[in-house]
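The values are calculated or read from the model by the stated rules, or taken from the named source; none is laboratory data. A quick note: this is a predicted structure, and the numbers were derived from the prediction, not measured. Cβ coordinates were reconstructed from backbone atoms using ideal geometry, including for glycine residues, and neighbour counts include every protein chain displayed.
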Amino acid sequence: MVEKARLSHRLTHGELVTLLAGGGADGALFAAADRVRREQVGEEVHLRGLIEFSNLCRQDCLYCGLRRSNPGVRRFQLAIGEILEMAREAAESGYRTVVLQSGESAAYPTGAMVELLHGLKALGLTVALSVGEKTRREYEAYRRAGADRYLLRIETTDARLYERMSPGMSWANRVRCLMDLRRLGYEVGTGCLVGLPGQSLASLADDLLFFQALDADMVGIGPFIPNPETPLGAAAPGSLALSMKMMALARLLLPDINIPATTAMEVLHPQGRLLALMRGANVAMPNATSGPARSLYALYPGKVCAQETPRHCRSCFGEKIQSLGRPIGTGNGARIRS
Ligand code: 5AD
Ligand code: FES
């Protein structure tokens with residue numbers, strides 16, 4: 001099955017479930033994902049500087065530390081000038097792409113976002129936004145102002161599980177957002193959580209087929225990490241091994257896309273991101289946020305590098321990549337279709 005997938009980039013739902021369930025074939029799966037990664041997107045590891053610019057959020061996702069019902073969060077909102085200063089430092093330390101991430105709020109009206117985007121583009125950066133569900137008009141305005149990419153995980157393709165996890169939100173609207181982003185010409189990143197309470201292997205297989213049907217340009221997959229400040233604080237964490245298998249399968253099904261080694265993987269294993277880079281991943285998003293914002297943006301506990309500086313992480317991570325014998329990407333790391 002792994003060999004078939006390596007050559008054809010196709011697997012049925014049943015085959016995906018078998019591979020996700022199987023313990024024995026993991027080595028072969030990881031080796032095939034690493035090979036497809038090397039053949040299709042090469043050895044370069046593309047770094048994106050992650051700037052977490054506000055933890056204000058109107059949503060109430062059961063798993064997320066920034067949910068509006070968490071009174072323990074000190075909320076912050078960086079000014080446009082502060083965000084641009086962090087982006088300038090990121091560009092100076094070598095990043096070609098920044099990812100601007102925040103909770104969902106009206107704190108940055110379209111005009112402010114457009115101003116921010118113009119400033120980021122003036123720095124010569126490729127810009128990915130990760131600011132949640134917006135209207136089509138807003139996505140259009142961001143795109144016109146220069147946004148190149150947009151990251152919006154579907155989280156899970158099980159609509160009922162999704163709506164249980166995110167009270168008041170609609171799964172159909174999330175799909176609408178992804179479709180709008182596609183049509184507007186963004187490079188679209190999506191992805192899922194692995195190990196949500198009530199999630200099945202069949203549903204994870206659906207997630208993979210969804211990424212393929214959407215023709216996602218980027219897929220980020222990470223384990224669910226229970227946050228004690230949320231209603232799921234006592235739930236079991238997602239499995240790192242299963243998350244890695246999901247990531248490896250995403251590489252087999254979508255051979256030429258960008259796949260990040262996600263930070264949540266590193267929370268469960270001290271070398272989680274490096275392992276991911278050896279099992280299909282070709283991208284990493286070191287944290288480029290500075291000041292108090294860096295630790296206040298707490299989706300889950302045990303956030304890695306919360307006390308480090310952006311410069312420290314950039315060089316630390318650069319060394320880690322070089323220890324793998326892989327070069328750091330010199331371009332902007334856009335998806336190149338094979
Ligand atoms: N554990 C792991 N990942 C989480 N995210 C949010 N909360 C958690 C958690 N407790 C992920 C979501 C979101 C991304 C920005 O962070 O998948 O899309
Ligand atoms: Fe942050 Fe190594 S990547 S300390």
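Key figures for this structure:
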read-out: Test: residue in the range 210-223 that is within 16 Å of ligand 1 (Cβ to nearest atom) and either basic (K, R) or free of Cβ contacts under 8 Å to residues at least 40 places away in the same chain (or both); value: yes
read-out: Members of the range 292-338 found to be within 16 Å of ligand 1 (Cβ to nearest atom), of a type in the set (D, E, K, R) and assigned to a loop (DSSP other than H, G, I, E, B), listed by number; value: K303
read-out: Any hit, the range 222-233, residues being modelled with pLDDT of 95 or more and not in a loop (DSSP other than H, G, I, E, B); value: yes
read-out: Single match in R67, R75, R58 (criterion: at pLDDT 95 or above, of a type in the set (K, R) and over 29 Å from R160 (Cβ atoms)); value: R75
read-out: Residue count for the range 1-54, restricted to those that are assigned to a strand (DSSP E or B) and either of a type outside the set (D, E, K, R) or out of contact with any Ser or Thr (no Cβ under 8 Å at 6 or more places or on another chain) (or both); value: 8
read-out: Any hit, the range 177-200, residues being in contact with a Cys (Cβ under 7 Å, 6 or more places away or on another chain) and either outside any helix (DSSP H, G or I) or surrounded by fewer than 20 Cβ atoms within 10 Å (Cβ to Cβ) (or both); value: no
read-out: Candidates A276, A250, filtered to the one that is touching a strand residue (DSSP E or B) at 6+ places or on another chain (Cβ under 6 Å), within 16 Å of ligand 1 (Cβ to nearest atom) and more than 25 Å from V73 (Cβ to Cβ); value: A250
read-out: Given (1) within 16 Å of ligand 1 (Cβ to nearest atom); (2) in contact with a strand residue (DSSP E or B) (Cβ under 9 Å, 6 or more places away or on another chain); (3) in a helix (DSSP H, G or I), index of the condition T289 fails; value: (3)
read-out: Residues that are small (G, A, S) and touching a residue at least 12 places away in the same chain (Cβ under 8 Å), drawn from the range 59-75; value: G65, G72
read-out: Any hit, the range 103-110, residues being touching a helix residue (DSSP H, G or I) at 6+ places or on another chain (Cβ under 9 Å) and farther than 24 Å from S295 by Cα; value: yes
read-out: Any hit, the range 105-114, residues being touching a residue at least 12 places away in the same chain (Cβ under 8 Å), crowded, with 19+ Cβ neighbours inside 10 Å and in a loop (DSSP other than H, G, I, E, B); value: yes
read-out: Search result, residues across the range 132-166 that are in contact with a helix residue (DSSP H, G or I) (Cβ under 8 Å, 6 or more places away or on another chain), outside any helix (DSSP H, G or I) and among the aliphatic types (A, V, I, L, M); value: A145, A147, L152, I154
read-out: Exclusive hit being part of a loop (DSSP other than H, G, I, E, B) and within 13 Å of ligand 2 (Cβ to nearest atom), set P255, P270; value: P270
